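Novice: Structure incoming, see below.
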Amino acid sequence: MNKCNLLCVMGAAAALPMVLNAGGWHDAKHLSDWGIATAVAEINSPAGDGCPIESPDGLSLYIASNRPGTLGGNDIWAADRATKDSAWGEPQNLGAPVNSEFADFCPTPLNGSYLMFVSERPGAETCNAGPGKGDIYLIRRNAAFGWGEPQHLGCLESGTGPNSAGAEFSPSLVTTHEGTFLYFSSTVSGNMDIYRSRRGADGRFGPPSPVQELNTEFDDRMPNVSRDGLEIVFSSTRPTDANGTAAFGSFDVYVSTRRSTRQPWSAPVNLGANVNTAGSETRSSMSADRERLYFGRDGDIYTSSRHWLNHRH
């Protein structure tokens, strides 16, 4: 399927990836605090593992890893399980054309067998991609024929998409009453900041704009937005408070919420010692039901859980 067809199919099915409830009651205040994070032992390896994220149904866990069997410096792998209470199986390399001889990472599985990811593969259609400069791609798996060809989302320099000549990380797609938005982080301004790009009626993503209330002069990266669009987690090197108190480690996980998708995000809050350590916590992501948090820490994958309190929808 060519680029136009794939993007147009996705645009025509506006509710396909994630349909959200933008009401004000279904928010993080009705959830318990995150528990103490533990390593996902069945997923981790002696190699570098990171970028964890569950599939929408909670039965697959996608990661990036440089473990033996990679096609390049970093590949995308996925592990399956029978139920949400089961242990994860052995991660399997997704193979070509998802993976390449170059670094491929930040997988984001969507409904409808779609997958977004970041790749440093070069090519005429990229935005000067190469080592340290990944672009965002979209691909779809067909039950009969396997993965199609990855489709580059376009370059903002030509007005056709969110990618830039800098480095893009961690795409996160969310559909709200205000439209469908792609959140991600980028060095397009020089500093790594969080951006969002709106999807047009033709299915293409427009040039990105910074999410000002989430960004600082520090490194703010790898956002993941909840299914209802009311909660976002990301990693940052910012101090934990206005007095300049040091963060737990080089990167910590922060959270921001809002009562409605029409409102700006609240001031980000450090998730604290149950999640953050003196290590580096990166690429956090929430499960579709918002009960499980995954993130990378110094080459291993960790998870934390919480539960719903009595609440009104």
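Novice: Condition test on SER172, is it at pLDDT below 95, closer than 18 Å to ARG204 by Cα and not basic (Lys, Arg)?
Specialist: Details: at pLDDT below 95: no; closer than 18 Å to ARG204 by Cα: yes; not basic (Lys, Arg): yes.
Considered against the rule, which asks whether it is at pLDDT below 95, closer than 18 Å to ARG204 by Cα and not basic (Lys, Arg), SER172 comes out as no.
Novice: Write out, first by first residue and then by second, each pair whose Cβ atoms fall under 8 Å of each other, whose residues are 6+ apart or on separate chains, and whose first residue, in the stretch 282-307, is under 18 Å from ASP228 (Cβ atoms) and at pLDDT 95 or above while the second is part of a strand (DSSP E or B) and of a type in the set (Lys, Arg).
Specialist: MET286/ARG292
Novice: Residues that are at pLDDT below 85 and surrounded by fewer than 17 Cβ atoms within 10 Å (Cβ to Cβ): does the stretch 35-53 have at least one? Break it down into steps so the answer makes sense when it comes.
Specialist: Our first condition is that a residue be at pLDDT below 85; within the stretch 35-53, this holds for none.
Checking the stretch 35-53: not a single residue is at pLDDT below 85 and surrounded by fewer than 17 Cβ atoms within 10 Å (Cβ to Cβ).
Novice: Quick one: which residue in ALA143, ALA124 is within 30 Å of SER158 (Cα to Cα), modelled with pLDDT under 95 and out of contact with any Phe, Trp or Tyr (no Cβ under 8 Å at 6 or more places or on another chain)? Can you show your working first?
Specialist: Details: ALA143 fails: within 30 Å of SER158 (Cα to Cα).
Just a single option satisfies the conditions, and that option is ALA124.
Novice: Also, I was wondering about something else. Applying the selection to the stretch 146-157, what residues are modelled with pLDDT under 95 and among the acidic types (Asp, Glu)?
Specialist: GLU157, the sole residue that qualifies.
Every residue, every condition in (1) touching a helix residue (DSSP H, G or I) at 6+ places or on another chain (Cβ under 8 Å); (2) within 27 Å of SER236 (Cα to Cα), yes or no:
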{"site": "PHE145", "(1), (2)": "no, no"}
{"site": "GLU157", "(1), (2)": "no, yes"}
{"site": "THR160", "(1), (2)": "no, no"}
{"site": "SER164", "(1), (2)": "yes, yes"}
{"site": "GLU168", "(1), (2)": "no, yes"}
{"site": "PRO171", "(1), (2)": "no, yes"}
{"site": "THR180", "(1), (2)": "no, yes"}
{"site": "TYR183", "(1), (2)": "no, yes"}
{"site": "SER186", "(1), (2)": "no, yes"}
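Novice: I've got another one for you. Check off (1) on the phi < 0 side of the Ramachandran plot; (2) within 17 Å of the chain's Cα centre (by Cα); (3) modelled with pLDDT of 95 or more; (4) not in a strand (DSSP E or B) for ARG227 and give me the number that stays unchecked.
Specialist: Against the list (1) on the phi < 0 side of the Ramachandran plot; (2) within 17 Å of the chain's Cα centre (by Cα); (3) modelled with pLDDT of 95 or more; (4) not in a strand (DSSP E or B), ARG227 comes up short only on (3).
Novice: Tell me, yes or no, whether the stretch 222-233 has at least one residue that is closer than 21 Å to GLY50 by Cβ and surrounded by fewer than 21 Cβ atoms within 10 Å (Cβ to Cβ).
Specialist: Taking every residue of the stretch 222-233 in turn, none turns out to be closer than 21 Å to GLY50 by Cβ and surrounded by fewer than 21 Cβ atoms within 10 Å (Cβ to Cβ).
The values are calculated or read from the model by the stated rules, or taken from the named source; none is laboratory data. Quick caveat, the model's predicted, so the values are computed rather than measured. Cβ: placed from backbone, ideal geometry, glycine included. Neighbour counts: every protein chain shown.
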